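Colleague: One structure follows; several queries about it will come next.
The values are calculated or read from the model by the stated rules, or taken from the named source; none is laboratory data. Since the model is a prediction, treat every value here as computed from it, not as a measurement. Neighbour counts are summed over all protein chains in view; Cβ atoms, including those assigned to glycine, are modelled from backbone coordinates with ideal geometry. What goes into the accessible areas is simple: the full protein's heavy atoms, side chains included, and nothing from ligands, DNA or RNA. Shrake-Rupley method; radii C 1.70, N 1.55, O 1.52, S 1.80 Å.
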Amino acid sequence: MTTIETALTDTVRDFVETVTRDAAKAFRVLRETGTVTGNGTVNFVERVPGAEIAVALNEPGPWADDRTVHPVVATFDGEVLSGKGSAGFVTGYAKVFRAHPEITSVVHVHSPWLGGWAQTHRTFPIRYAAVQRLTLSRAIPPHIDRSIGAGDFILERLADDPDLIAIFEANGGANVIGRKGLLDLAQLVVLLEEGAQYQAIAETLGGSVDFDKSNLAVQWSRTGLADEARRRGLL
């Protein structure tokens with residue numbers, strides 16, 4: 001596929017450089033915290049503000065001699081503007097970015113405990129305080145029918161749950177949604193993985209229990225979500 005380096009403005013180039021540094025940091029932290037599996041599957045897509053362009057950033061993986069992150073910049077329609085590689089991840093989420101300008105980032109990640117839940121084909125209730133305080137969404141749904149693309153499935157679920165933060169790739173990993181940029185999304189992935197581990201341990205002890213409303217009020221008050229939760233009748 002032809003690469004058109006001159007298509008990038010200085011502003012876009014600066015954005016790509018910044019998000020590439022952020023991705024390198026995220027990949028390091030995800031690996032050091034054990035949030036990724038041994039194979040290291042992590043694929044970020046970060047939209048360029050104000051343009052129908054996104055940056056795909058893939059973890060080089062444990063077998064790579066060169067651990068440098070090499071971004072691929074592509075249009076939502078699949079034209080590669082910079083870098084060597086496929087625009088597949090960009091086009092896969094293009095519909096989501098177009099329909100939801102508040103979404104800045106999506107990551108496809110294989111992590112041990114989220115991946116374990118993905119094997120169950122079960123909806124995952126969010127019951128970890130450190131995650132729940134960040135969102136009014138209450139669950140992560142499984143994407144079972146793979147004849148429907150991940151982007152289309154996310155769009156379907158956003159129609160029912162506008163605060164959706166993730167979906168499971170049945171028998172695989174997870175697609176996690178960010179609204180505050182790549183590093184914020186990476187931090188969310190770490191917390192989701194912790195929650196998945198805690199809830200899996202709780203399964204052996206009789207199962208995790210949903211929040212008392214008083215606890216939800218405490219968690220959402222810490223992040224400024226309590227008023228909106230009350231408006232929606234969640235408290």
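Colleague: Would you be so kind as to identify which of GLY206, ALA64, GLY116 lies farthest towards the positive end of the dipole of the chain, taking Lys and Arg as +1 and Asp and Glu as -1 on Cβ and the Cα centre as origin?
Modeller: Final value for the positive-end residue is GLY206.
Colleague: To continue, here is another question. Subtracting the Cα-Cα distance from 0.36 nm times the residue separation, let me have the gained length for ILE201 to SER214 in nm, one decimal.
Modeller: In short, 2.3 nm is gained.
Colleague: Something else: Considering only protein heavy atoms and a 1.4 Å probe, what is the carbon-and-sulfur percentage of the accessible area of the chain?
Modeller: Carbon and sulfur atoms account for 52 percent of the accessible area of the chain.
Colleague: Another question about this same structure. At 222 nm, what value in deg cm²/dmol follows for the chain if DSSP H runs of at least 4 each add -39500 (n - 2.57) and the sum is divided by all its residues, to the nearest 500?
Modeller: Theoretical 222 nm ellipticity from helices: -12500 deg cm²/dmol.
Colleague: Using 7 Å Cα-to-Cβ label points, what is the HIS70/ARG122 separation (nm, one decimal)?
Modeller: Once both label points are built, they end up 4.2 nm from each other.
Colleague: Treat every Asp and Glu Cβ in segment 187-231 as -1 and every Lys and Arg Cβ as +1, leave all other atoms uncharged, and give the resulting dipole magnitude about the Cα centre to the nearest 20 debye.
Modeller: That gives a dipole near 240 debye.
Colleague: For segment 93-180, just say rounded, prolate or oblate: build the C-alpha gyration tensor, square-root its eigenvalues into a ≥ b ≥ c, call rounded for a/c under 1.5, and beyond that prolate if a/b exceeds b/c, oblate if not.
Modeller: oblate
Colleague: Please work out the Cα center distance from segment 1-67 to segment 95-170, rounded to the nearest Å.
Modeller: Measuring centre to centre over Cα atoms gives 21 Å.
Colleague: Once both axes come from the Cα atoms, what is the angle between helix 88-99 and the longest principal axis of the chain, in degrees from 0 to 90, rounded to 10?
Modeller: 60 degrees
Colleague: Let me ask another. Hey, got the dipole for segment 1-147? About the Cα centre, +1 on K and R Cβ, -1 on D and E Cβ, debye to the nearest 20?
Modeller: Its charge dipole is roughly 760 debye.
Colleague: Per residue, how much accessible area does the chain have with a 1.4 Å probe, in Å²?
Modeller: Value for the chain: 48 Å² per residue.
Colleague: Using a cut-off of 14 Å between beta-carbons, work out the net charge of the residues near PHE124 (Lys and Arg +1, Asp and Glu -1, PHE124 not included).
Modeller: It works out to a net charge of -2.
Colleague: Towards the positive end of the charge dipole of the chain, with charges on Cβ (+1 Lys, Arg; -1 Asp, Glu), say which of LEU81, PHE15, ILE165 has the farthest Cα.
Modeller: Going by the Cα projections, it comes out as ILE165.
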